[in-house]
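The values are calculated or read from the model by the stated rules, or taken from the named source; none is laboratory data. Because the structure is predicted, anything quoted here is derived from the model rather than measured. All Cβ positions, even for glycine, are placed from backbone atoms using ideal geometry, and neighbour counts span all protein chains on display.
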Amino acid sequence: MSAVSVQAIVGAAPSPIEAPDVDYATISPLLIILGAAVLGVLVEAFVPRAYRFVTQIAVAVVGVVAAFVATVVVGAGLDTVDGEVTGRGGPTAMGSLSVDGPAVVTWAMLLFFGLLGVLLFAERRLDGGLSAFTSQASTPPGSADERHATRLRIEHSEVFPLAMFALGGMMFFASANDLLGMFVALEVLSLPLYLMCGLARRRRLLSQEAAMKYFLLGAFSSAFFLYGIAMVYGYAGSFGLAEISTAVSSQIGGQNLLLAGMALILVGLLFKVAAVPFHAWTPDVYQGAPTPVTAFMAAGTKAAAFVAMLRIFFVAFGGARWDWAPAVWAIAIITMLFGAIASIAQTDVKRMLAYSSIAHAGFLLVGMAGLTSGDGVTSVSAVLFYLVAYGAAAIGAFAVVTLVRDAGGETTHLGRWAGLGKESPVLAVAFTIFLLSFAGIPLTGGFISKWSVFAAAWDGGAWPLVVVGVVASALALFFYIRVVVLLFFAPPQGDGPTVAVPSPLTWSVVAITVAVTIVLGVLPGPLLDLVQQAGAFVR
Amino acid sequence: MTAVTVVFAAMGLVALVSAFLVVTSDQIIHAALWLVVTLGAVAGLYVLLAAELVAWVQVLIYMGSVVVLLLFALMLTRTPTGPGSATVTRNQPLATVVAGATTVALGAVMWAGFGGEVIDEDEVRVGTAARLGDAIFRTWVLPFEVLSVVLLAALVGAIVLTRRGER
Amino acid sequence: MTVEPFIGLSALLFAIGAIGVLVRRNAIVVFMCVELMLNACNLSFVTFARAHGNLDGQVAAFFVMVVAAAEVVVGLAIIVSIFRTRRSASVDDASLLKL
């Protein structure tokens with residue numbers, strides 16, 4: 001290196017970097033969750049094994065509750081912004097995050113799902129005093145190593161910090177204000193989930209295969225998402241959603257670049273929310289993953305990805321609405337119909353719930369076709385309400401799945417569930433309530449949420465979607481009723497299903513989700529007010 | 001025909017041919033080594049585009065550690081590495097159609113989309129470590145910190161998944 | 001020199017990687033093809049950064065490399081754990097789940 005260039009570098013060095021301007025109080029919920037995750041890693045390293053599992057639960061629960069309180073405080077302090085649309089809050093942390101009304105509501109929702117998930121992860125009474133996660137993920141099932149570990153009650157509790165990492169990623173994803181931040185957030189939420197999928201204690205091979213499939217397809221789809229981001233960056237010259245929006249409305253640059261970028265970003269996100277034709281991973285992963293992980297993933301990923309999708313398409317690409325809306329319409333129609341029809345053919349409870357999750361992605365896409373602002377039900381508020389109701393019912397349904405067992409662990413074949421109503425009426429009624437909510441029967445949260453997305457779409461002029469949605473709901477209803485009949489009236493096969501007696505952890509999850517499902521159906525007012533006051537996205 | 005064009009043509013050709021060989025190579029080890037060549041050629045293109053630091057990071061992280069990790073995985077899993085070890089699936093025709101369509105679409109779109117914008121040779125913002133550091137630790141500080149979380153999560157998770165025996 | 005050749009090259013690399021993901025059977029090779037796709041993305045980022053005269057694209061390329069490194073760690077952990085339980089790294093052998 002020549003003396004001149006050394007001089008140049010030394011000469012440039014004295015100008016110090018200005019400290020970035022970050023409002024730590026506003027982003028505290030995110031920091032608390034990531035802090036809890038890091039603390040969990042330290043607990044794993046330093047706390048004696050005997051106390052580790054309990055300590056991990058305590059760290060996770062305290063972290064989630066503290067973050068929830070912080071979210072409420074942040075939410076109460078948001079300023080109202082009157083622009084083209086009414087919103088609350090705004091960008092912070094050098095424009096990386098937009099802590100606005102929808103973001104805060106999503107944070108609260110995700111933390112609620114996270115708490116329920118942690119409670120399910122912590123359940124140890126179902127499987128002879130061991131959790132649902134293996135401590136020997138890479139030994140053949142039933143090997144000497146594994147039997148040894150089981151006998152000694154060796155357990156690994158890293159799933160709690162991993163879940164906290166995923167939760168932090170989901171919160172970041174829902175509130176990121178630029179595309180690069182969204183990509184990073186997508187990976188933070190996905191990588192721990194890929195890993196957790198492969199940790200099932202029972203049916204190890206199925207679980208590892210689910211992890212592999214989820215990982216390869218996930219990496220493939222995030223490459224598409226990333227290429228889309230590159231194109232949009234090429235079009236707008238910036239990653240910020242506000243700058244992209246300005247570029248879109250002033251129509252600078254080549255429109256083709258924008259169109260291709262939007263299409264690729266849409267593909268990446270539709271994969272995450274499990275919409276047809278990017279749904280192929282869903283049934284396999286939902287079936288193979290440990291059921292508590294499936295519950296957490298079904299509710300959390302869908303919520304985070306949908307809010308992120310609305311944010312990208314409403315804020316950044318709002319000016320190009322008539323370019324992306326037809327694609328969303330088409331995918332919504334295929335997804336609703338496919339999800340409803342395919343679930344009829346299922347014989348496995350977890351796969352059935354997976355197809356139901358696909359169908360719900362379709363209904364949520366209907367909500368996306370609504371109005372972005374106005375006095376009635378807007379897209380954002382309808383989708384937020386739907387996500388709360390769906391997430392609660394999904395977690396509850398998977399919690400019930402963890403309880404119906406035989407000698408080999410959970411028994412998920414639908415035929416084996418016949419006669420559950422006699423074996424455990426309480427559990428059967430709870431499962432029925434979740435199914436009715438999925439079907440959208442009045443007096444459950446599912447009814448109000450379907451009504452609100454349909455209302456939003458109708459106001460937005462998307463009546464064909466509403467018609468298809470009602471047809472798909474009717475088809476699905478037929479199937480859900482068949483399952484309910486099976487639970488209560490079909491003769492049990494052999495000895496019938498056995499219901500394990502769980503600790504209060506799982507019971508409280510089932511009780512809370514039943515309560516939420518019914519309260520949202522009977523008294524939806526408070527939550528509807530909340531999501532409507534949250535207002536629009538602020539960029 | 002400037003020097004830049006000549007270097008681009010050479011590097012681009014190397015990248016394309018070696019990428020093609022990654023996908024078609026009959027032996028897994030060869031595929032991994034061709035990947036190194038592709039990554040090196042792309043690093044050369046970064047230098048051409050005035051992205052110094054990115055080029056170096058590409059050499060260090062990608063060629064230096066990612067590919068080495070891949071080779072380690074090959075050894076750890078004792079995957080057969082002889083000829084014919086890297087067979088292909090049956091959905092080849094479908095994949096060819098899909099990928100052909102993708103290339104044509106992407107290429108055409110980008111070509112049309114960036115209609116003849118010329119890189120201004122005089123106004124170069126070289127991506128030095130100092131400039132990138134400035135951008136990362138101001139504008140991008142939050143994503144950057146969260147990125148460190150990704151690495152930690154991957155590390156912890158990988159240990160959990162592959163650990164064997166009782167420590 | 002214009003930016004199109006760089007973008008065209010990036011599109012070709014991306015497509016080659018995508019073909020690889022679809023046709024190759026060994027999980028580790030599939031994984032290499034994903035790396036190829038991410039590299040194509042990075043080439044676009046850096047090219048557009050050059051064209052727009054700002055450094056955001058280079059920051060993005062930098063971030064993508066870190067994410068790719070983390071992805072490799074996770075992917076290889078999954079592949080190694082599968083191999084240890086069943087001694088194969090082929091995508092098709094994983095067939096307990098219906099496609």
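Assessment of segment A:124-133 against the conditions (under 25 Å from A:R202 (Cβ atoms), more than 19 Å from the chain's Cα centre (by Cα) and aromatic (F, W, Y)) yields at least one matching residue. Here A:Q493 fulfils each of the conditions (1) surrounded by fewer than 22 Cβ atoms within 10 Å (Cβ to Cβ); (2) more than 30 Å from A:G117 (Cα to Cα); (3) modelled with pLDDT of 90 or more apart from (3).
Just for segment C:36-80: of the residues that are over 14 Å from the mean Cα position of the chain (by Cα) and under 21 Å from B:V160 (Cβ atoms), which one is surrounded by the fewest Cβ atoms within 10 Å (Cβ to Cβ)? For segment C:36-80, the residue satisfying everything is C:V80.
Quick check, is A:A230 closer than 25 Å to A:L115 by Cβ and either part of a helix (DSSP H, G or I) or of a type outside the set (A, V, I, L, M, F, W, C) (or both)? No: the conditions fail for A:A230.
Let's see how each residue does on (1) crowded, with 20+ Cβ neighbours inside 10 Å; (2) at pLDDT below 70; (3) closer than 23 Å to C:F48 by Cα; (4) not assigned by TED's automatic domain parsing to the domain that holds B:T24:
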residue: B:A55; (1), (2), (3), (4): yes, no, yes, no
residue: B:G64; (1), (2), (3), (4): no, no, no, no
residue: B:L69; (1), (2), (3), (4): no, no, no, no
residue: B:L76; (1), (2), (3), (4): no, no, no, no
residue: B:Q92; (1), (2), (3), (4): no, yes, no, yes
residue: B:G113; (1), (2), (3), (4): yes, yes, yes, yes
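Within segment A:308-340, count every residue that is in contact (Cβ under 8 Å) with a residue 60 or more places away in the chain and over 19 Å from A:G261 (Cα atoms). Residues that pass the stated criteria total 8.
Return a yes/no flag: does segment B:136-143 have any residue that is touching a residue at least 24 places away in the same chain (Cβ under 8 Å), in a helix (DSSP H, G or I) and among the hydrophobic types (A, V, I, L, M, F, W, C). No, every residue in segment B:136-143 fails to be touching a residue at least 24 places away in the same chain (Cβ under 8 Å), in a helix (DSSP H, G or I) and among the hydrophobic types (A, V, I, L, M, F, W, C). For B:T81, the test of being at pLDDT below 85 and under 23 Å from the mean Cα position of the chain (by Cα) is passed. Being free of Cβ contacts under 8 Å to residues at least 40 places away in the same chain and of a type outside the set (A, V, I, L, M) is a property that A:E158 lacks.
Can you tell me which residue within segment A:13-34, out of those that are within 21 Å of A:V188 (Cβ to Cβ) and without any contact (Cβ under 8 Å) to a residue 12 or more places away in the chain, is surrounded by the most Cβ atoms within 10 Å (Cβ to Cβ)? Here the answer is A:L31. A residue that is outside any helix (DSSP H, G or I) and at pLDDT below 90 cannot be found anywhere in segment A:323-339.
Looking at A:I358, is it surrounded by 22 or more Cβ atoms within 10 Å (Cβ to Cβ) and either part of a helix (DSSP H, G or I) or of a type in the set (G, A, S) (or both)? The answer is yes for A:I358.
Restricting attention to segment C:1-55, the residues being more than 7 Å from chain B (Cβ to nearest Cβ) and of a type in the set (S, T, Y) number 2. Condition first: in contact (Cβ under 8 Å) with a residue 60 or more places away in the chain and facing another protein chain (nearest Cβ under 9 Å). Now tell me which residues in segment A:191-207 satisfy that. If the condition is that a residue be in contact (Cβ under 8 Å) with a residue 60 or more places away in the chain and facing another protein chain (nearest Cβ under 9 Å), then A:M196, A:C197, A:G198, A:L199, A:R203, A:R204, A:L205, A:L206 are the ones that fit.
Taking every residue in segment B:45-56 that is within 15 Å of C:G53 (Cα to Cα) and pairing it with any residue that is at pLDDT below 90 and among the polar types (S, T, N, Q), at least 6 positions away or on another chain, the pairs with Cβ-Cβ distances below 9 Å are B:E52/B:T128. Might you check whether a residue that is polar (S, T, N, Q), assigned to a helix (DSSP H, G or I) and in contact with a Gly (Cβ under 6 Å, 6 or more places away or on another chain) occurs anywhere in segment C:44-59? Yes: segment C:44-59 contains one or more residues that are polar (S, T, N, Q), assigned to a helix (DSSP H, G or I) and in contact with a Gly (Cβ under 6 Å, 6 or more places away or on another chain). Here B:T2 meets each of (1) of a type in the set (V, I, T); (2) facing another protein chain (nearest Cβ under 10 Å); (3) touching a residue at least 40 places away in the same chain (Cβ under 8 Å); (4) surrounded by fewer than 21 Cβ atoms within 10 Å (Cβ to Cβ) with one exception, condition (3).
Residues to consider are A:A58, A:A37, A:A70; find the one that is aliphatic (A, V, I, L, M) and either outside any helix (DSSP H, G or I) or crowded, with 24+ Cβ neighbours inside 10 Å (or both). Exactly one residue qualifies, and that residue is A:A37.
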